[in-house]
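Everything below concerns the one structure shown next.
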Amino acid sequence: MAVTSAPDAPAQAATRQIFMSQALHEALDEEMARDPNVFVMGEEVGIWGGAYNVTAGLLEKWGEARIIDTPISEAAIGGAAVGAAVTGCRPVAEFMYSDFMGIAMDQIVNQAAKNRYMFGGAAKLPITYRAPFGAGTGNAAQHTQSLEAWFAHVPGLKVVTCSSPHDAKGLLKSSIREDNVVVFFEHKAIYSMRGPVPEDEYTIPLGLADVKREGSDVSVVTYARQVHYALEAAEQLAGEGIDVEVVDVRTLYPLDVDTILASVNKTNHAVVVYEAARFGGFGAEIASQIQEHGFDDLDAPVLRVAGSHSPIPFSEPLEKGAIPDPERIAAAIRESLQGSR
Amino acid sequence: MYRTMRRIRRFEETAEVAYRAAKMRGALHFYIGEEASATGVCAALNEGDFITSTHRGHGHCIAKGARLDKMMAELYGRTTGYCGGKGGSMHIADVASGNLGANGIVGAGVPIAVGAALGSKLRNDGKVTVCFFGDAAGPTGAFHEGVNMGSVLNVPVVFVCENNQYGMATHTEYANAAPVGDRGPAYGMPSERIDGNDVFEVYARAKVAIDRARNGEGPTLIETITYRQKGHTIHDSKGYRDEEEIAKWIARDPIERFKRVALEAKALTDEDLQAIDDEVEEAITQAEEFAEASPWPTLDAIEQDVYV
């Protein structure tokens, strides 16, 4: 895997290169130190250290009162977070794979997302649900889905993704401090990606997109792992004289529509990339926002590059073929620009 | 405890009349006949302890100390209701007083109660959470996951299954392969089945379980055996119960039983009871007047309070 990341930390700040999993670990550790109401619960978060090592060492440091290994009971994990949050805690509940959230959907969608509203604003639910998502790891159909659209569609939830160690740490810290319910998706294919992370403490506000590469010809709007594929496509196309801008939306809800529109206003072309099944995916919302609010800026239809309408298959060539890659993104960019250059 | 049971009974009877006069809409699930369960359990709680409730939640709410006027206003859909009119009968909550909410999803309160109790354990605040749920939650996954996790994490929670015999028209013995109150050993906790229409027994058994939880000795599962005298909702006219069965249970009505016992023991006089009835009646009238006089919410409220 390419060990690359956009230079998204200020050049003057002291940084080190760390894995995304370490960045997430630091976010949890620092927020636990900052606020005694923060605790972590989930399957294998303690002794095992998390399926992707994000919580490794936290049990030893914080003890079993605040790093809570649960039985395999996703509904109870989702619901216990609700009960703990509404009574004053700030739980970080981990689902080992986002695919398992189906078992907890009632607790997330009917309880966590709606309690505050149903109770007329009289409750506050500072919950962060962490969940690894995405394909590319050969884990087949029940451990690879990208279900972010399910959650972005539910009023009462905020939905966050991250594409670099820097963003992962800053966004997770903000998510934990949020007084709302945040579903925080981590793409499992980039846990072991390294990138610069400041030595000093920082946070990144939710609801802000980030331009990962500036360009003048076409806007690629995407998030999570596909940011890297979009950057690779941009490098390829630079050799053809095409200048690609890559917008990482980071937070799906609330969505930073202004940054997307500003980019399209500059490039007049938009390609939306997402790994989930194309039909009804979150990229459809992005495309719709662009055409509703930026129609006059467009020189071509908004194109989408997205996953196939299938479960994620196991076999490597099939899995690769089922999700976007730099070549397909580059092809869509060329198609978008066809006739207007 | 008589006052509380009477408040529940009269609140619901009054709501039914208002509903049939088209003053309110949506769902109303009556707790009439089950008042001893919420009343006995909540009497054994301390102020500040937590409860989770169900779609049949008026009784839990009142027994936990909710204001009748704010409850009635919520049923009327007015701004002065507990939820500003956004929740209605199935979602009344008073988080500040420890009532973590009624719940429209059967069984869903079980994991939430475990989480509240987990928070108490973390904070070491000495509070206990009582999780009320119906016998029809016995077959749900949330029940199993929640009760098991509560035991595994050894949190201060008491699970109170109110067996009112029916989940809509489905009899509890059809839906549950074994009674909920017999399942304690499966989850490593004591459990018992008790007379849910005897408020004294409910109080006594709940007290033991609540003290046990507060002392860090873990959860208990109690099944209060009772009966839903009314239909599933206000619109239930299905003939799945025979008159004989209903009559048998009305003869065991918890409020009438309380009166008989209290009068026989000369703990209370007819005059005492009448004085309480009068006081409750006045509160009910005030609640209804308050609700009727309260303003409707305006449309700007629709997207308010979705987020902090």
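For segment B:149-212, go through all pairs of different Cα atoms, get the mean of 1/r, take its inverse, and jot down that Kirkwood value in Å.
Mean inverse Cα-Cα distance, inverted, gives 13.2 Å.
Roughly what percent of Cα-Cα pairs across segment A:210-337 reach past 24 Å?
20
Per residue of A:35-45, how many C-beta atoms from partner chains lie within 10 Å of its own C-beta, taken as a mean?
1
With Kirkwood's inverse mean 1/r over C-alpha pairs for Rh, give me the Rg to Rh ratio of segment B:164-308, two decimals please.
With Rh from the inverse mean 1/r over Cα pairs, Rg/Rh is 1.06.
Quick one: which bits of segment B:68-93 get at least 10 Å² less accessible when the partner protein chains are in, versus the chain alone, with a 1.4 Å probe?
Going by heavy-atom accessible area, the residues of segment B:68-93 that drop by at least 10 Å² are B:Y82, B:C83, B:K86, B:H91, B:A93.
For the B and A pair, go ahead and give the buried accessible area with a 1.4 Å probe, both sides summed, in Å² to 100.
3100
Give the Rg/Rh ratio for chain A, taking Rg as the radius of gyration of the Cα atoms and Rh as the Kirkwood radius, to two decimals.
Using only Cα positions, Rg/Rh for chain A is 0.97.
Mind listing which GluC sites (Glu not before Pro) in segment A:118-204 are in a DSSP loop and have 10 or fewer other Cβ atoms within 10 Å?
Taking segment A:118-204 and a limit of 10 other Cβ atoms within 10 Å, the loop GluC sites (Glu not before Pro) found are A:E199.
Connecting C-alpha atoms closer than 10 Å in a GNM of chain B, tell me which of B:A113, B:A287, B:A206 has the biggest fluctuation.
Its mean-square fluctuation being the largest, the pick is B:A287.
Would you work out what percent of the accessible area of segment B:2-291, with all protein chains in place, is carbon or sulfur (probe 1.4 Å)?
49
Tell me which of A:P317, A:V249, A:A270 sits at the most positive position along the dipole axis of segment A:216-341, charges placed on C-beta atoms (Lys, Arg +1; Asp, Glu -1).
Result: A:P317, furthest along the dipole toward the positive end.
Can you give me the long-range amide H partners of B:R193? Hydrogens built in the peptide plane at 1.01 Å from N, cutoff under 5 Å, separation of 5 or more residues or another chain.
Amide H to amide H, under 5 Å and 5 or more residues apart or across chains, B:R193 pairs with B:E223.
Could you tell me how many cubic angstrom of Cα convex hull volume segment A:296-341 has per residue?
Spelled out: Cα convex hull of segment A:296-341, divided by residues, is 80 Å³.
Could you pull out the longest piece of chain B with no exposed loop GluC sites (Glu not before Pro) in it, calling a site exposed if DSSP puts it outside H, G, I, E, B and it has at most 10 other Cβ atoms within 10 Å?
So the longest stretch without any such site is B:48-302.
Taking a point 7 angstrom from the Cα of B:A43 along the C-beta vector, which residues in segment B:189-220 have backbone N less than 17 Å away?
Answer for this model: B:194-211.
What FRET efficiency would be calculated for the residue pair A:I72, A:E335, taking the C-beta separation as r and a Förster radius of 45 Å, to the nearest 0.05?
That pair, A:I72 with A:E335, gives E of 0.50.
Simple spin-label model, 7 Å along Cα-to-Cβ: B:A275 to B:E292 in nm?
Result: 3.0 nm between the two label points.
List the residues, sorted by chain then number, that are 5 or more residues from A:R130 or on another chain and whose placed amide H is less than 5 Å from its amide H.
Answer set, sorted by chain and number: A:A93, A:E94, A:F95, A:F184.
How large is the dipole of the protein assembly as shown about the Cα centre if only Lys and Arg carry +1 and Asp and Glu carry -1, each at its Cβ, rounded to the nearest 20 debye?
600
Using a 10 angstrom Cβ neighbour count of at most 15 plus a DSSP loop assignment to flag exposed chymotrypsin sites (Phe, Trp or Tyr not before Pro), which longest range of chain A is free of such sites?
Longest gap between qualifying sites, sites excluded: A:49-201.
In whole Hz, what ³J(HN,Hα) sequence does segment A:296-305 give by Karplus (6.51, -1.76, 1.60; θ = phi - 60°), x for Gly and Pro?
5, 7, 8, 9, 7, x, 6, 9, 10, 10
In segment B:2-291, with Lys and Arg counted as +1 and Asp and Glu as -1 at Cβ, which of these residues, B:A178, B:N148, B:I194, has the Cα nearest the positive end of the dipole, that is, farthest along it?
B:N148
Per 5 Å bin, what percent of the C-alpha pairs of segment A:104-190 does each bin hold, from zero upward?
3, 14, 23, 22, 18, 11, 6, 2, 1, 0
Any idea how far apart B:S237 and A:E60 come out in nm if each label point goes 7 Å out from Cα toward Cβ?
It is 7.1 nm.
Give, to the nearest whole percent, the P(r) tail of segment B:2-291 beyond 24 angstrom, counting all Cα pairs.
Tail of P(r) above 24 Å: 48 percent of Cα pairs.
Looking at the P(r) of the protein assembly as shown, how many percent of alpha-carbon pairs lie beyond 37 Å?
Counting every Cα pair in the protein assembly as shown, those more than 37 Å apart make up 43 percent.
First measure r as the distance between the Cβ atoms of B:E173 and A:N265, then evaluate 1/(1 + (r/R0)^6) with R0 = 56 Å and state the FRET efficiency to the nearest 0.05.
My answer for the efficiency is 0.25.
Express the carbon and sulfur contribution to the solvent-accessible surface of chain A as a percent, rounded to the nearest whole number, probe 1.4 angstrom.
With neighbouring chains kept in place, the figure for chain A is 52 percent.
May I ask you to evaluate 6.51 cos²θ - 1.76 cosθ + 1.60, the Karplus curve with θ = phi - 60°, for each residue of segment A:269-281 and list the ³J(HN,Hα) values in order in whole Hz, giving x for glycine and proline?
Using θ = phi - 60°, the values come out as 9, 9, 10, 9, 10, 8, 8, 5, 3, 4, 5, x, x Hz.
Which one of A:T55, A:S216, A:A104 is farthest out on the positive end of the charge dipole of chain A, using unit charges on Cβ (Lys, Arg +1; Asp, Glu -1) and the Cα centre as origin?
Of the listed residues, the answer is A:A104.
Hey, could you grab the Kirkwood Rh for segment B:10-160? Inverse mean 1/r over distinct alpha carbon pairs, Å, one decimal.
About 15.6 Å, per the Kirkwood formula over Cα pairs.
Please list, ordered by chain and number, the residues whose modelled amide H lies under 5 Å from the amide H of A:Y253; skip anything fewer than 5 residues away on the same chain.
Amide H neighbours of A:Y253, under 5 Å, 5+ apart: A:V159.
Considering chain B as a Gaussian network with a 10 Å cut-off on Cα pairs, which listed residue, B:N154, B:N164, B:N215, attains the greatest mean-square fluctuation?
It is B:N215.
With a cut-off of 18 Å, note down the residues of segment A:265-290 whose backbone N falls inside the zone around a label point 7 Å from the Cα of A:A140 toward its beta carbon.
none
For segment A:15-198, count the residues as N, evaluate 2.2 N^0.38 Å, and divide the Cα radius of gyration by that value, please.
In units of the 2.2 N^0.38 Å rule of thumb, it is 0.95.
Provide the convex hull volume over Cα atoms per residue for segment A:35-131, in Å³.
It comes to 81 Å³ per residue, whole-number rounded.
Could I have the simple spin-label model distance between A:E316 and B:E217, label points 7 Å from Cα toward Cβ, reported in nm to one decimal?
Inter-label distance under the simple model: 6.1 nm.
For segment B:84-151, I need the span (max minus min coordinate) of the C-alpha atoms along each principal axis, in Å, sorted largest to smallest.
Principal-axis extents of the Cα atoms in segment B:84-151, largest first: 34, 31, 14 Å.
Would you compute, from DSSP H runs of 4+ residues alone, the mean residue ellipticity of the protein assembly as shown at 222 nm, taking -39500 (n - 2.57) per run and dividing by the full residue count, rounded to the nearest 500?
-11500 deg cm²/dmol
For B:E264 and B:K207, what is the calculated FRET efficiency with R₀ set at 25 Å and r taken between the beta-carbons, to the nearest 0.05?
Computed FRET efficiency for B:E264 and B:K207: 0.60.
The values are calculated or read from the model by the stated rules, or taken from the named source; none is laboratory data. Nothing here was measured: the structure is a model prediction, and the numbers come from that model. Please note: Cβ atoms are built from the backbone with ideal geometry, for glycine as well, and neighbour counts cover all protein chains shown. Only protein heavy atoms, including side chains, enter the accessible area calculation; ligands, DNA and RNA are left aside. Shrake-Rupley method; radii C 1.70, N 1.55, O 1.52, S 1.80 Å.
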